[in-house]
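The values are calculated or read from the model by the stated rules, or taken from the named source; none is laboratory data. In this text the structure is predicted, and so the values were computed from the model without any measurement. Neighbour counts run over all protein chains shown; Cβ positions are idealised from the backbone, glycine included. Side chains are part of the model used for accessible areas, which takes the heavy atoms of the whole protein and leaves out ligands, DNA and RNA. Shrake-Rupley method; radii C 1.70, N 1.55, O 1.52, S 1.80 Å.
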Amino acid sequence: MTTGQDTAPSPLVTEGGKTQIVIVGGGAAGLELAAKLGARYGRKKHDIILVDRNRTHIWKPLLHEVATGSLDANLDETGYRSHCRRWGYRYFHGSLESVDPQRRQVILAPLLDDDGSEIFGRHAIRYDYLVMATGSVTNDFGTPGVAQNCLFLDGRHQADRFRTKLLNHCLRVSREMSANPSADSRVRVAIVGAGATGVELSAELFNAAEALSYYGLEVFDASRLEVTLIEAGPRILPALPERLAAAAHAELTALGVRVATGTQVVEVTKDAIITRDGEVIEADLKVWAAGVKGTPIAGGLGNLELSRNGQIVVRPTLQTTTDDRIFAMGDCCSCILPGSERPVPPRAQAAHQMADTVAENLTRMMKGQPLKDFVYHDHGSLVSLSRFSTVGSLMGNLVGGRMAVEGRLARFVYTSLYRMHIIAIHGWVKGLAMIAIGRVNAIIRPRLKLH
Ligand SMILES: Cc1cc2nc3c(=O)[nH]c(=O)nc-3n(C[C@H](O)[C@H](O)[C@H](O)COP(=O)(O)OP(=O)(O)OC[C@H]3O[C@@H](n4cnc5c(N)ncnc54)[C@H](O)[C@@H]3O)c2cc1C
């Protein structure tokens, strides 16, 4: 495997002395990198361009809270246009359609209005260095009926769609019960995949159901919610130690979640999830949260090497295996570090750390210096069971290896990850102010977003 020592090309200076660095994807990794490079170079020295298909950024680990209405994404999102002005990079609203490494161009699809009319046509952006940070999408592993009948939590729109459907079903049940108090009406939700997303969403649903009774759905309460969490593996939360997974399992069961481990889904229909054993789990809302794959790019990625999961294969320097000038980071890359057999996991902390390494390596590359290898520091995993509990394990020198944490300490560390992201994209002063405002909002705003 080639390491950073032999991959530094000669320094590259383009016309006008400006180097054009294009970052595609303004998520956990891409937006942090854009802010970092913008702060370091500003617009005068290099031209830093961020491309994203959305106008605003919301930190993806918050999506299950957006989906249940516990969090109002309008308050937590960051608009790229105002952010780029503050941080000294340029933002292009557009969706990557293909990459042409020979011409050093990314091609953006035509931008369409809601009614399908074209705002502007397909166009190309030239790059001297390209950073791919397009994240991941849920992997349905080709299971029949999933794409047509399941909801996913891959982005803001999907989370909003889930919330609208959830509220509509709650409203239906509330009406049915008002008309007939002895009716056995329920909102049935089936979630496939008991990793962090599935577990967190299950708990968050009960938090939302309890809060709904405050907001006009007087006859609706958590007993009207029927949640089934389905996992093919032998236990939930495979990334956490067994003791903590068992604690989370017990907490979910106490809330009323039916946890079905060792259960493989073979098909999803309009009304139900079908398991290998032939069980038919009827559900109003079906959520698929079982594994991820690289975000598909319709027109392809030229000669870039892809893994079996459609992620871009990178070297330890986070450069792609076929092109020194193209980096990939975050969920969209597959990075197997020396001495490890498995890729760096698709997590927010990996995205954050990779953004640091790519920023450093771009600087080194432009100076003609050898690049450094990415080192992944696993600080542990934390899973929030809404306001009911938080469990996880911390890792590192500070805690002397791996330490199981629960309760307030776990909650504090869990929220710290988001706070670090806020500070990384807004700086200390604005970041701390936003965290303080978030605390105030949590007190004065309604507990649920109901629209
Ligand atoms: C519900 C949920 C909960 C999670 N909880 C945790 C957690 O507790 N802890 C943790 O560590 N991780 C968690 N994760 C995983 C974490 O969110 C990801 O690992 C992280 O966001 C990856 O960052 P990224 O920058 O690679 O991708 P993303 O943050 O997904 O950003 C990708 C960006 O690329 C843009 N994009 C995609 N395709 C295109 C295109 N064709 N053209 C232009 N732009 C494009 C998208 O709009 C997006 O802005 C969670 C994920 C989910 C869904």
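Rolled with a 1.4 Å probe across the full set of protein chains, the surface gives residue 56 an accessible area near 50 Å². Taking each of 45/430; 45/367; 165/270; 165/286; 36/430; 372/430 in turn, the alpha-carbon distance tops 19 angstrom for 45/430; 372/430. For segment 380-444, the fraction of 1.4 Å probe accessible surface lying on carbon and sulfur atoms is 67 percent. For the peptides 181-189, 254-262, the ranking by mean Cβ contacts within 10 Å, running from highest to lowest, is 254-262, 181-189.
Accessible surface for the chain, divided over its residues, is 46 Å² per residue with a 1.4 Å probe. Among the protein heavy atoms of segment 219-375, carbon and sulfur supply 49% of the accessible surface, probe 1.4 Å, non-protein parts ignored. Size of the chain from its Cα atoms: along the principal axes, largest to smallest, the extents are 76, 53, 45 Å. Shown here for segment 284-325: trypsin sites (Lys or Arg not before Pro) in loop regions (DSSP other than H, G, I, E, B) with at most 10 other Cβ atoms within 10 Å, namely 308. If Lys and Arg each add +1 and Asp and Glu each add -1, what is the summed charge of the other residues whose beta carbon sits under 14 Å from the beta carbon of residue 237? Once positives and negatives cancel, what remains is -2.
Pairwise Cα separations in segment 146-288 fall into 10 Å bins from 0 onward with the following percentages, short to long: 12, 41, 36, 11, 1.
For segment 74-168, carbon and sulfur atoms together expose 46% of the accessible surface, with a 1.4 angstrom probe and every protein chain in place. Scanning the chain for long hydrophobic helices, with DSSP H runs required to stretch 27 angstrom or more by C-alpha along their axis and to average at least 0.0 on the Kyte-Doolittle scale, returns 407-444. The aspartates and glutamates within cross-link reach of residue 44, meaning a Cα-to-Cα straight distance under 14 Å and a gap of 8 or more places when in the same chain, are 15. Note that segment 380-444 shows a convex hull volume over its alpha carbon atoms of 92 Å³ per residue.
Across all directions, the average projected area of the convex hull around the alpha carbons of segment 268-385 is 11.0 nm².
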